[in-house]
């Protein structure tokens with residue numbers, strides 16, 4: 001379970017991790033009042049998706065009127081399909097350097113690992129491997145103060161700065177263990193004077209341990225489309241790309257996503273509508289795909305329990321009702337394949353037998369935003 005930044009910082013505060021002054025607001029005028037108290041401020045949209053800065057969901061203001069104006073803009077935004085309902089307004093501080101610091105679980109070694117880098121403020125995936133300090137922590141012996149000293153030394157920290165860094169890391173590790181976290185991340189961990197402050201927080205709690213963490217508020221992570229899919233009994237995940245994907249089975253859906261990326265495309269979603277789906281469920285799945293606003297739709301059906309003719313009729317029905325104008329690419333093989341192909345052919349739809357050909361054509365069309373199956 002992911003926590004919003006302000007929730008993660010509430011946990012940080014309980015473990016004495018230093019934070020800038022700030023408050024959570026839901027109205028623009030509240031942001032103005034916060035700016036009156038704090039002076040220059042940073043306004044940050046509280047959403048569970050990453051890359052808020054690149055999405056324009058983090059802003060700065062030097063006075064209350066600017067803060068109110070920016071808050072009004074941010075509260076009207078949608079970031080990654082998530083409506084912004086809260087802002088974290090924090091004081092803007094002079095910073096000397098920014099670090100990256102996190103504790104997560106190394107699955108292969110089955111133990112916690114501390115990650116640290118001098119390249120704070122960047123996505124850790126973009127930081128070269130040689131610039132990341134990785135320090136595994138033995139589960140049986142646990143955390144010891146020398147770990148922070150060794151990591152600090154490898155980062156080139158000295159004097160009182162090392163003591164501040166060590167205090168933050170020790171607190172972070174206690175939080176990680178006591179709250180059953182899968183990830184605790186500060187990016188950036190910023191140095192202001194001789195004290196490190198957590199300017200951001202990312203905390204992910206192990207779902208299987210939530211029964212032990214009754215005091216942590218539950219967070220609903222699903223987007224509106226994911227909630228709708230859940231109500232329909234469909235396995236669906238938003239991915240934010242251009243090629244909407246629908247297939248019948250988790251394995252074939254994952255293989256389709258892999259092929260989309262292999263050919264240079266970006267999947268808009270994962271949608272496994274299962275085996276044995278009837279016309280009504282198939283129609284609902286297709287309507288979900290249209291909700292992702294894709295450039296193309298890619299349907300990959302290997303008919304076993306699922307009948308190809310049922311999927312074909314459902315698609316033609318939705319096409320006629322909604323007047324689909326974006327390109328789509330259909331791969332259809334299996335039970336009642338001939339009848340399914342006939343239904344689609346009569347509707348003027350091209351059908352592919354090769355998965356690779358269908359995916360490649362779909363990716364090409366997504367890049368050109370042209371071409372298609374009808």
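The values are calculated or read from the model by the stated rules, or taken from the named source; none is laboratory data. What you are looking at is a predicted structure, and each value in this text was computed from that prediction instead of being measured. Cβ placement follows ideal geometry from the backbone for every residue including glycine, while neighbour counts extend to all protein chains displayed.
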Residues that are over 24 Å from residue 1 (Cβ atoms) and crowded, with 17+ Cβ neighbours inside 10 Å, drawn from the stretch 45-68: 59, 61, 64, 66, 67, 68
Residue satisfying condition, being in a helix (DSSP H, G or I) and under 30 Å from residue 79 (Cα atoms), within set 344, 271, 298, 288: 288
Test result for residue 140, buried (at least 16 other Cβ atoms within 10 Å of the Cβ) and either in the same structural domain as residue 173 (by TED's automatic domain parsing) or over 20 Å from residue 51 (Cα atoms) (or both): no
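Okay, residues lined up against (1) closer than 30 Å to residue 326 by Cα; (2) modelled with pLDDT of 95 or more; (3) crowded, with 16+ Cβ neighbours inside 10 Å; (4) out of contact with any strand residue (DSSP E or B) (no Cβ under 7 Å at 6 or more places or on another chain):
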site: 168; (1), (2), (3), (4): no, yes, yes, no
site: 172; (1), (2), (3), (4): no, yes, yes, no
site: 189; (1), (2), (3), (4): no, yes, yes, no
site: 194; (1), (2), (3), (4): no, no, no, yes
site: 208; (1), (2), (3), (4): no, no, no, yes
site: 220; (1), (2), (3), (4): no, no, no, yes
site: 229; (1), (2), (3), (4): yes, no, yes, no
site: 238; (1), (2), (3), (4): yes, no, yes, no
site: 243; (1), (2), (3), (4): yes, no, yes, no
So residue 220, is it more than 22 Å from residue 351 (Cβ to Cβ) and either in a helix (DSSP H, G or I) or over 19 Å from the mean Cα position of the chain (by Cα) (or both): no
Residues located in the stretch 1-13, provided they are free of Cβ contacts under 8 Å to residues at least 12 places away in the same chain and either within 19 Å of residue 219 (Cα to Cα) or touching a helix residue (DSSP H, G or I) at 6+ places or on another chain (Cβ under 9 Å) (or both): 10
Criterion: within 29 Å of the chain's Cα centre (by Cα), in the same structural domain as residue 357 (by TED's automatic domain parsing), surrounded by fewer than 24 Cβ atoms within 10 Å (Cβ to Cβ) and at positive phi - qualifying residue of 272, 293: 293
